[in-house]
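**Q** The structure that follows is given in the form of structure tokens.
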Amino acid sequence: MNSSNRLLLFTLPALLLFAVFSLYPLLNTFHLAFTDFGGVGEAKWVGWKNFSEIFGNPQYLSVLKITFVYAVIVVITQNVLGLLIAALLYSLPAFRNSARVALLVPSMYSAVIAAFVWQYIYSPLGGGLNELLSLIGAQGWQRIWLGEPGIALFSVAAVQIWMYVGYSTAIFLAGYLSIPRDLHDAASIDGASALQRFWRIDVPMLAPSFTVNVTLSTIGTFKAFEFPLVLTQGGPDGATTTLGLQIFNSLFSEYRFGFASALSVVMLLLIALIAYTQNWYLRRRELRA
């Protein structure tokens, strides 16, 4: 047996598992997206009807809009905070390692458990956040955080940011540690301020970290459904119903397997298009840097 055949033999089990648990479900999802399958019985072919409903019904267009807004809030805030925290930790080497471990702890939790904890924190009656505001004399800032349509989406987004900002920080910090110290020393000798060094050296040199962080956070945010499901169930009045949650509801509450598959296809294509565009732009930025 030559080396190529031996290599194929070793990879065959992995390829079979990939085909059974990834490729087949994906292809079946595309097939079901064009049917009215309800979970039992025969799937009736309906063509583009499911997709016409998605893009012709204001309810589902609103879901797409909410998903985009949610993604923008999370991706921008998570990465800006991650970058600033990484810059701070880089300037404090004595606390760097211990703080990095602490920041990664939230991302190790189950999303469902984290959501239940924050549901209590956001509670309008005895919740930690409102009690803290009362303690510091800021009663005017107290809100029904998950019950007001204007702020519910931001409240849910804050939980996801809290959970994964440490992950973004760790990636940015790894990028910081790859920047030659000589660049900062030379810039300091030339009289550059800390802010100038940040914009002229750090940000361009961290281009690969931006690519990884933005791509991962975008994909993760578009797929998110655990936080809206546990915290608000999509309310109030649909203000936090993301695409992932709508797929979950269509599948397990309405038993519209075909329609849920169509929504999944839309999600897959959106993520693929956005991720490709982001990578194309950010990779070009890396080359310019």
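Bear in mind that the values in this text are calculations on the coordinates, not laboratory data. As the structure is a prediction and not an experimental result, all values here were calculated from the model. Every residue, glycine among them, receives a Cβ derived from its backbone with ideal geometry; neighbour counts consider all protein chains shown.
**Q** Treating only the Cβ atoms of Lys and Arg (+1) and Asp and Glu (-1) as charged, compute the dipole magnitude of the chain about its Cα centre; round to the nearest 20 debye.
**A** Using Cβ point charges on Lys, Arg, Asp and Glu, the chain gives about 620 debye.
**Q** Which trypsin sites (Lys or Arg not before Pro) in the stretch 9-105 pass both tests, a DSSP loop state and at most 16 other beta-carbon atoms within 10 Å? Let's see the in-between values first.
**A** On the way: sites: 44, 49, 65, 96, 100; in loops: 44.
When the trypsin sites (Lys or Arg not before Pro) of the stretch 9-105 are filtered for loop state and at most 16 Cβ neighbours within 10 Å, 44 remain.
**Q** Here's another thing I want to ask about it. Let me check against my output: what whole-number percent is the relative contact order of the chain, with C-alpha pairs under 8 Å and at least 6 apart?
**A** Relative contact order, the chain: 28 percent.
**Q** What are the ³J(HN,Hα) values, in whole Hz, obtained from phi via the Karplus relation 6.51 cos²θ - 1.76 cosθ + 1.60 with θ = phi - 60°, for each residue of the stretch 236-253 in sequence order, with x given for Gly and Pro?
**A** x, 6, x, 5, 10, 7, 8, 4, x, 5, 5, 4, 4, 5, 5, 7, 9, 9
**Q** Can you give me the Cα centroid spacing of the stretch 211-269 and the stretch 160-206 in angstrom?
**A** Here the answer is 34 Å between Cα centres.
**Q** Tell me which of 187, 150, 82 sits at the most positive position along the dipole axis of the stretch 60-288, charges placed on C-beta atoms (Lys, Arg +1; Asp, Glu -1).
**A** Farthest towards the positive pole: 187.
**Q** Okay, moving on. Under a GNM of the chain (C-alpha, springs under 10 Å), which listed residue has the highest mean-square fluctuation: 193, 168, 264?
**A** 193
**Q** Summing -39500 (n - 2.57) over the DSSP H runs of n ≥ 4 in the chain and dividing by its residue number, what mean residue ellipticity at 222 nm do you reach, to the nearest 500 deg cm²/dmol? Please report the intermediate quantities before stating the final value.
**A** Numbers: 14 runs with 208 residues, N = 289.
The helix contribution divided over the chain gives -23500 deg cm²/dmol.
**Q** While we're here: In the chain, which longest range has no GluC sites (Glu not before Pro) that are both DSSP loop (not H, G, I, E or B) and surrounded by at most 15 other Cβ atoms within 10 Å?
**A** That would be 43-253.
**Q** Show me, for the stretch 61-69, the HN-Hα J-couplings you get by feeding each phi into the Karplus relation (A = 6.51, B = -1.76, C = 1.60, θ = phi - 60°), rounded to Hz, glycine and proline as x.
**A** 5, 5, 4, 5, 4, 4, 5, 5, 4
**Q** Work out which chymotrypsin sites (Phe, Trp or Tyr not before Pro) in the chain are exposed loop sites (DSSP not H, G, I, E or B, at most 16 other Cβ within 10 Å) and give the longest gap free of them.
**A** Longest run free of exposed loop sites: 110-254.
**Q** With +1 assigned to the C-beta of every Lys and Arg and -1 to the C-beta of every Asp and Glu, and no other charges, what is the dipole magnitude of the stretch 142-289 about the Cα centre in debye, to the nearest 20?
**A** It works out to roughly 320 debye.
**Q** Here's something else I'd like to know. Does the stretch 60-288 come out rounded, prolate or oblate by the C-alpha gyration tensor, with a ≥ b ≥ c the root eigenvalues, rounded set by a/c under 1.5 and, if not, prolate when a/b is larger than b/c and oblate if not?
**A** oblate
**Q** Taking amide hydrogens as modeled 1.01 Å from N in the peptide plane, which residues meet the under 5 Å criterion relative to residue 35, leaving out close sequence neighbours?
**A** Those lying under 5 Å, H to H, from residue 35 are 46.
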